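Peer 1: I am attaching a structure below and will ask some questions about it afterwards.
Taken together, the values in this text are just the output of simple stated rules run on the coordinates, not laboratory data. Here the structure is a predicted model, which means the values were calculated and not measured. Cβ coordinates were reconstructed from backbone atoms using ideal geometry, including for glycine residues, and neighbour counts include every protein chain displayed.
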Amino acid sequence: MKQHAEELMARIRALQNELEEEYRRAQLEFALKRAELAEDFLRQQKRYKASLLRFLLRTRPLVVLTSPLIYLGWIPFLLMDLFVTLFQAICFPVYRIPKVRRADYLVFDRTDLPYLNIIEKFNCFYCSYGNGIAAYTREVAARTEQYWCPIKHARRLRATHEHYPKFFDYGDAEAFRQGLERLRQQYEGAEADAPSAAEKTQTRGT
C-alpha cells in the first residue's frame with residue numbers, strides 16, 4: 001500500500017514537472033512572439049484597456065462598498081508575512097529545515113499588462129501578494145508539520161500539502177517512532193533552499 005502510494009506520488013511529481021516545462025515553453029514562445037511584434041502587440045493590448053470612468057461606471061455599487069473590507073486584508077497579510085519570515089529565519093536553522101524561498105511565491109508580473117487600468121493593476125498586485133503569502137505560509141507550515149507531527153489524520157482531508165503523503169498513517173506508532181528522524185531530513189524539492197556544500201564547509205570552519 002505504502003509503496004504503491006509512493007509510486008503514485010512519483011508519477012504525480014513527474015507530471016507536474018512535465019506541466020511546468022510545457023508552461024515554460026509556452027511562455028518562451030509567447031515572449032518571442034511579443035518581441036517580434038512588439039509595437040503591434042502593444043497596440044492590440046491597449047485596445048482592450050478600460051478607462052477609469054468606464055470601469056467605475058460598470059462596477060456595481062455593492063462591490064464598491066465592500067472594497068474597504070477587502071483592502072483591510074493588507075494588515076493580516078503583512079503581519080503574516082513578517083511573522084512567517086521571522087519564524088523560519090529563527091527556527092528553521094535550529095530544526096535543520098531548509099528555508100522556503102519567499103521570492104518563489106511572490107510574483108507581480110501582471111502589473112505590466114498594458115490592457116489593465118491603474119485600479120486593475122493595483123488589484124492584481126494585491127491578489128498576487130495575498131495569494132503568494134498564503135502559499136508561502138502554507139509551505140513553511142508544511143515543513144514545520146513534517147518536523148513536529150508528520151502523522152496523517154484519521155479522516156480524509158479535502159486538500160493537503162505536497163509533504164502530507166509521506167506522513168505516517170494514523171495509529172501506526174511503530175512507524176512513527178522508528179521513522180520520525182529519517183522523515184525530518186526529507187524535503188524533496190527543497191534542495192535548492194538548503195545550504196550548498198561550500199556553505200556548509202565554510203560554516204564548519206567558522
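Peer 1: Quick one: among Gln44, Gln88, Gln146, which has the greatest mean-square fluctuation in a GNM of the chain with alpha-carbon springs under 10 angstrom?
Peer 2: Highest fluctuation among the options: Gln44.
Peer 1: For region 57-205, what is the charge dipole size about the Cα centre, in debye to the nearest 20, if Lys and Arg each add +1 at the Cβ and Asp and Glu each add -1 at the Cβ?
Peer 2: Dipole magnitude for region 57-205 comes out near 260 debye.
Peer 1: Take every Cα-Cα pair in the chain and report what % of them are more than 23 Å apart.
Peer 2: Cα-Cα pairs of the chain separated by over 23 Å account for 64 percent.
Peer 1: What residue among Cys124, Tyr48, Ala141 has its Cα farthest toward the positive end of the dipole of region 1-148, where the charges are +1 on Lys, Arg and -1 on Asp, Glu, each on the Cβ?
Peer 2: Tyr48
Peer 1: Right, here's the next one. Rounded to the nearest 500, what is the chain's calculated 222 nm mean residue ellipticity when only DSSP H runs of at least 4 contribute -39500 (n - 2.57) each, over all residues?
Peer 2: About -22000 deg cm²/dmol.
Peer 1: Order the peptides 163-171, 57-65 from the highest to the lowest mean number of other Cβ atoms within 10 Å of their residues. If you can, show how the numbers build up before the last one.
Peer 2: Numbers: 163-171: 15.4, 57-65: 9.1.
Ranked by mean Cβ neighbours within 10 Å, highest first: 163-171, 57-65.
Peer 1: Select from region 35-127 those chymotrypsin sites (Phe, Trp or Tyr not before Pro) which occupy a DSSP coil region and have at most 15 other Cβ atoms within 10 Å, ordered by residue number.
Peer 2: Loop-located and lightly packed - Tyr48, Phe108, Tyr115.
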